[in-house]
Amino acid sequence: PMTTGAINHWAFDTPDIEAAFENAKALGVDFKDTEDPVHPEFLEAGIRYFNIYGPNGETIEFCQIVEE
């Protein structure tokens, strides 16, 4: 309870990370790691994502697969 356990986070796919990010900002959510979508270069296809805190402190990720 209220700690990281067997499930580290929930992740939701989105077709438009920028729209999801703007919606999260408009809702006033608490961002976890960053206030910009991240694009890690170590993945072949790539993703862009951002993390927020849920109502009980859990991590919720929104991600978009980036087609190259």
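Between LEU27 and ASP13, the simple spin-label model (points 7 angstrom out along Cα→Cβ) gives 2.0 nm. Each Lys or Arg adds one and each Asp or Glu subtracts one; over the other residues with Cβ under 12 Å from the Cβ of ILE60, this totals -3.
Coordinate-derived values only; no laboratory data. Not measured: the values here are computed from a predicted model. Heads up, the Cβs are rebuilt from the backbone with ideal geometry, glycines too, and the neighbour counts pull from every protein chain shown.
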